[in-house]
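Q: Sharing a structure with you now.
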């Protein structure tokens with residue numbers, strides 16, 4: 001028999017943790033391949049996590065409402081024989097400590113000899129950063145405080161501190177002839193004053209959403225705690241504003257041709273396809289066309305490097321019944337015709353409202369569109385969905401008096417118009433690119449063929 005560790009998978013871009021909401025299996029239950037073991041919730045989606053193997057559930061490492069980091073082991077499943085490619089005589093689950101070098105051996109590599117220091121038990125839960133069990137154990141053995149651990153620049157994925165990072169910190173500290181001594185530690189030999197850590201964080205700390213000014217609460221006021229999703233959305237919005245230099249461009253678009261064409265074909269489209277034809281797929285098609293013309297809108301910024309995305313994956317912000325938002329992603333939107341775009345959008349929107357989206361359907365977006373006009377707003381200034389560099393807001397379509405130019409002269413007529421609001425990151429998108437992009441979207445919509453077949 002061998003054991004398989006079921007870890008929390010990556011749930012979407014920028015999602016680092018999730019809340020365990022329900023256990024679907026009890027200890028001792030038989031597990032089938034791809035059978036759901038537990039349910040989790042993030043700020044973006046609720047989802048079931050399936051098993052990757054067949055076997056018996058022998059351990060549950062978290063309880064309902066616990067917060068789990070991506071990559072942490074949530075459950076252990078016992079499988080028969082050596083189906084995992086593990087020696088059947090090995091009854092223990094493979095852990096990070098078994099893969100890495102023993103801590104004692106690592107310490108010998110760093111210090112030829114050192115004084116014995118009695119180290120108090122440290123509570124790593126007070127840190128907002130994620131540390132692997134191996135890094136925590138090394139920190140405990142070496143008497144590294146939480147404050148000092150938080151200052152170590154991480155070279156791992158998403159800035160995580162690796163074994164090599166903490167060993168380099170220990171080695172440099174030892175080379176400087178200093179030792180870290182917590183106030184409650186008993187030392188057999190007088191230690192030198194701790195060296196001042198001068199590493200500069202890669203980015204400014206993100207203000208916590210809960211750190212607001214004190215508000216006076218009166219007797220008739222109602223206090224409504226933010227939901228977990230609400231807290232995470234608030235954090236992501238503050239993080240985006242503090243990361244990107246937001247600039248906006250606005251343009252008014254005459255969509256009379258689009259409105260008239262849709263009114264003409266929407267009934268036959270629904271009868272033939274069994275789907276409603278909204279304005280959203282038309283706008284998404286226009287955005288995909290503009291991105292192909294200006295691919296530098298379809299990028300992310302990583303330090304001093306611009307990452308140009310090959311795929312055009314359009315996120316569409318969708319409102320949920322509880323008032324929160326979710327952004328399902330239309331993958332390879334430029335490869336869909338209008339019928340395929342309409343079907344994909346309707347499917348994602350319906351399942352978003354029913355909390356039935358899969359984790360893969362909310363990640364890897366490269367550009368986002370939000371429809372503020374569905375709530376009657378004329379235009380808006382949307383916040384960029386990190387790590388993207390731009391977002392487009394669609395305003396309400398309104399009938400407006402407008403000057404119409406003809407060979408016979410100008411006259412006033414009633415036209416259907418709307419505003420497009422384009423927010424972009426001025427660190428990488430300049431005003432010319434941001435303006436030309438939105439103008440291309442507008443031109444495409446204004447030139448819509450009223451005789452187009454669908």
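Q: For residue 67 and residue 347, compute 0.36 nm times the residue count separating them, minus their Cα-Cα distance, and round to one decimal in nm.
A: Net length gain for the segment: 97.8 nm.
Q: Turning to a different aspect of this structure: Using only the alpha-carbon atoms of the stretch 217-337, report the extent along each of the three principal axes, biggest first, to the nearest angstrom.
A: Rounded to whole Å, the extents work out to 57, 47, 28 Å.
Q: Given 0.36 nm per residue, what is the gain on full extension from residue 32 to residue 168 after removing their alpha carbon distance, in nm?
A: Full extension of this stretch gives 44.6 nm more.
Q: Ok, one more. Determine, from the Cβ-Cβ distance of residue 267 and residue 398 and an R0 of 22 Å, the FRET efficiency 1/(1 + (r/R0)^6), rounded to the nearest 0.05.
A: The computed FRET efficiency comes out at 0.40.
Q: Assuming R0 = 30 Å, can you tell me the calculated FRET efficiency for the pair residue 17 and residue 141, based on Cβ-Cβ distance, to the nearest 0.05?
A: Efficiency computed from Cβ-Cβ geometry: 0.70.
Q: Sort 400, 341 so the one with the fewest other Cβ atoms within 10 Å of its own Cβ comes first.
A: Placing the least packed residue first, the sequence is 400, 341.
Quick note: the coordinates plus some simple rules give every number you see, no bench work behind them. Every value quoted in this text rests on a predicted model; they were computed, and no experiment measured them. Reconstructed Cβ throughout: ideal geometry from the backbone, glycine too, with neighbour counts over all protein chains shown.
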